[in-house]
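Everything below concerns the one structure shown next.
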Amino acid sequence: MLDFYGLPTDFPQYNEKRDVNCYQRVAHLTDAFQQDIDHPKFLPYLTLHEFEALMFCDPAIIASAFPGTAKRNELEKIRATFDSPEEINLDDPPSKRLEKLFPEYQKTLHSYFVVDEIGLERIRQECRHFNQWLETLEKLGN
């Protein structure tokens, strides 16, 4: 699992398919990565756009991770701007948005707490790209 945001420019086929939507671009880059590694047990996943985007499935839970702050409305406005939490990026990736709202935000502490509180089912419902990857992994177990 890698974040699509911040990939190095020498990533396989990085400069191709730049004029398509984010889902098409990340699918193209994931395929290129898989072809580059060329191993049957390698199943890459590029998060759209960062892992922190998954947190935006529930702005109230993000806000609850920072007691004493009144940022829930701002978080809900961010989420409402996009069709899916996975699409939160543009020029301001999810982690940077969280750092602006919560200077005490620590990725390794807060993000896992929030994602755990939201739950996998909710994230799968709102994040189709993430869900597709999990479906691929589940099929391996069948």
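Tally Lys and Arg at +1 and Asp and Glu at -1 over the other residues with C-beta under 15 Å from the C-beta of residue 32: what net charge comes out? Within the 15 Å Cβ shell, the charges total -2.
Residues within the reach of a label modelled at residue 37 (point 7 angstrom out along Cα to beta-carbon, backbone nitrogen below 18 Å), restricted to the stretch 126-142, are 130-141. Sorting 96-108, 4-16 by average packing, meaning the other beta carbons within 10 Å per residue, from highest down gives 96-108, 4-16.
With the gyration tensor restricted to C-alpha atoms of the chain, the semi-axes of the equivalent ellipsoid amount to 28, 18, 13 Å, longest first.
The helix-only estimate of mean residue ellipticity at 222 nm for the chain, built from DSSP H runs of length n ≥ 4 each weighted as -39500 (n - 2.57), is -13500 deg cm²/dmol after division by the residue total. Convex hull volume of the C-alpha atoms in the stretch 2-47, normalised per residue: 68 Å³. Which of the listed residues, 84, 64, 94, is farthest toward the dipole's positive end in the stretch 51-130, when Lys, Arg count +1 and Asp, Glu count -1 at the beta-carbon? Of the listed residues, the answer is 64. Considering only 86, 74, 126, the mean-square fluctuation computed in a Gaussian network model of the chain, springs between alpha carbons under 10 angstrom, is largest for 74.
Net length available on complete extension from residue 138 to residue 122 is 4.0 nm, with 0.36 nm assigned per residue and the Cα-Cα distance removed.
Throughout, read-outs are computed from the coordinates displayed, never taken from laboratory work. All figures in this text were calculated on a predicted structure; none of them were measured in a lab. Positions of Cβ are generated from backbone atoms using ideal geometry, with glycine treated the same way; all protein chains shown enter the neighbour counts.
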